[in-house]
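Colleague: Take a look at this one; I'll ask things after.
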Amino acid sequence: MKKFYVILILSILFAGCGVESGTAGDITIEQAFSKLFQSDDFQSRITAIVLSSQFKKTKLSNVLSERLKKVDGIEKTAILYALARSESDDYIEQFTDSIPTDEKGIKTLLDIESPRKSYFSSPALRIITYLGSLAIHNDKAFAKLKAMGHFADGWQGDSISVLVEDAEKWREKNKK
């Protein structure tokens, strides 16, 4: 039953994004995501990569690990996010290192929206929130989150400001 709902959600989320669909009985979750990982649409591809983090240690991890060797930039950050969330802590440092620090890279990351413009499934929001959770204990993640806040505005700027404030409070509390 879970498989049906995942495929239903994927088909709704990515409808109209140039991704061919199969019937729920003919396609596995891994096959659906693998197809989305290869989408020509950047937003769809990044969203699929980020959402794949919801599945713990599956064949998707192998597909992402292979893809990681072939990509860079924001796609690499998205893959490292998914692997760090679903696989193990081995990818946390690589994920943190992959967060851009220059204005262009940060703006590119912040501009990633889900294909349906939903803030709840926004890859940028998920990546930023995860970086915020790491910033509590990780100096490099904290520095990158603060740097990101300098280039963010609107709801993203507000979200990052709150994450920075929370991380500062936790870091201060943990020093005592």
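Where a number appears in this text, it was derived from the coordinates with a stated rule and is not lab data. All of these numbers come straight from a predicted model, not from anything done at the bench. Don't worry about glycine lacking a Cβ; one is built from the backbone with ideal geometry, like all the others, and counts go over all protein chains shown.
Colleague: With θ taken as phi - 60° and the coefficients 6.51, -1.76 and 1.60, list the Karplus ³J(HN,Hα) couplings across region 96-109 in order, rounded to whole Hz; mark glycine and proline as x.
Modeller: For region 96-109, the Karplus-derived couplings read 4, 5, 7, 5, x, 10, 8, 4, 4, x, 5, 4, 4, 4 Hz, x marking Gly and Pro.
Colleague: Could you check the simple spin-label distance between D166 and E30, using points 7 Å along Cα→Cβ, in nm with one decimal?
Modeller: Rounded to a tenth, the inter-label distance reads 3.4 nm.
Colleague: Additional query: Points 7 angstrom from Cα along the Cβ direction at T108 and D41: gap in nanometres?
Modeller: 2.1
Colleague: Excluding residues on the same chain fewer than 8 positions from K140, give the aspartates and glutamates whose Cα lies under 12 Å from its Cα.
Modeller: Here the aspartates and glutamates satisfying the reach criterion relative to K140 are E93, D97.
Colleague: I want to make sure I understand the PRE zone here: with the label point 7 angstrom from the Cα of Q54 toward its beta carbon, which residues in region 29-48 have backbone N atoms less than 17 Å away?
Modeller: 29-37, 44-48
Colleague: Label K69 and D153 with points 7 Å out from Cα along Cα→Cβ: what is the distance between them in nm?
Modeller: Each label point is offset 7 Å from its Cα along the Cβ direction, giving 4.3 nm.
Colleague: Distance cut-off 26 Å, Cα to Cα: go down the list K70/K107; K76/K175; K104/K175; K107/K175 and report the pairs above it.
Modeller: Over 26 Å apart, Cα to Cα: K76/K175; K104/K175; K107/K175.
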